[in-house]
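Coordinate-derived values only; no laboratory data. Keep in mind the model is a prediction, meaning the values are calculated, not measured. No Cβ is skipped: glycine too gets one built from the backbone with ideal geometry, and neighbour counts run over all protein chains shown.
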Amino acid sequence: MQDITGNIIIRASEGDIDAFEMIYREYLDFVSNVAFRVVNTREDAEEVTQEVFLNIYRQLKYFRFESSLKTWIYRITVNTAINYSKKESKHQYEIAGYMEVSGRVNTNENAPDKISEEFNEKIITTLLNAITPDQRACIVLRSIEGLSYQEIAETLKIPVNTVRSRIKRARETMLSKRKEVIQNEM
């Protein structure tokens with residue numbers, strides 16, 4: 001993994017494409033994963049990821065080094081994904097699953113593990129769909145990305161108590177839906 005220095009950030013903010021590419025390569029997987037967890041489909045995550053990097057490119061000149069570049073990129077990613085998710089939910093209420101159905105039979109000896117992994121992932125995706133985009137962002141940043149409540153508050157620019165209440169409500173909703181989701185998936 002490459003270390004992104006202040007010099008690289010400044011060069012990228014001044015239009016140096018090679019410097020921006022270093023930032024892009026360093027944070028692509030991170031942005032894609034966070035976006036996916038918020039929007040819950042690969043296709044939407046790809047669109048959000050593209051939009052995030054366009055925003056980063058346009059806004060990099062305003063980066064003030066008051067927080068880490070990673071925190072700044074978190075903020076852009078989560079806000080872009082939430083806005084995208086809200087916009088999409090107006091057009092369609094149900095979000096399609098991200099896994100493609102394959103007509104091929106899996107003859108791999110690890111097939112039972114893969115099936116179990118896919119089953120768990122589908123449950124997680126369904127449960128994440130049961131909560132609001134704002135709650136989803138907090139849950140993703142806390143449970144999947146491992147940020148503290150304070151870091152989430154700074155990333156989303158909301159009070160720590162708002163983070164706590166969103167996570168609490170999200171967990172309550174997810175717990176109440178869990179049994180129903182598991183029965184429907186079996």
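Could you derive backbone 3J(HN,Hα) for the range 149-160 from the dihedral phi with the Karplus parameters 6.51, -1.76 and 1.60 (θ = phi - 60°), listing whole Hz in sequence and x where the residue is Gly or Pro?
Taking θ as phi minus 60°, the curve returns 4, 5, 5, 5, 4, 5, 5, 8, 6, 9, x, 4 Hz for the range 149-160.
Tell me, what ³J(HN,Hα) does each residue in the range 27-38 have, in order and in whole Hz, if you take phi through Karplus 6.51 cos²θ - 1.76 cosθ + 1.60 with θ = phi - 60° and put x for Gly and Pro?
Values, residue by residue: 10, 4, 4, 4, 5, 4, 5, 5, 4, 4, 5, 7 Hz.
Show the residues, 5+ positions off or on another chain, whose built amide H is closer than 5 Å to the amide H of residue 147.
142
Among 80, 34, 19, whose Cα sits farthest toward the positive end of the charge dipole of the range 1-94 (+1 at Cβ of Lys/Arg, -1 at Cβ of Asp/Glu, about the Cα centre)?
80
Please go through the residue pairs 86/177; 70/177; 70/122; 87/179; 122/179 and name each one whose alpha carbons sit more than 24 Å apart in this structure.
70/177; 70/122; 87/179
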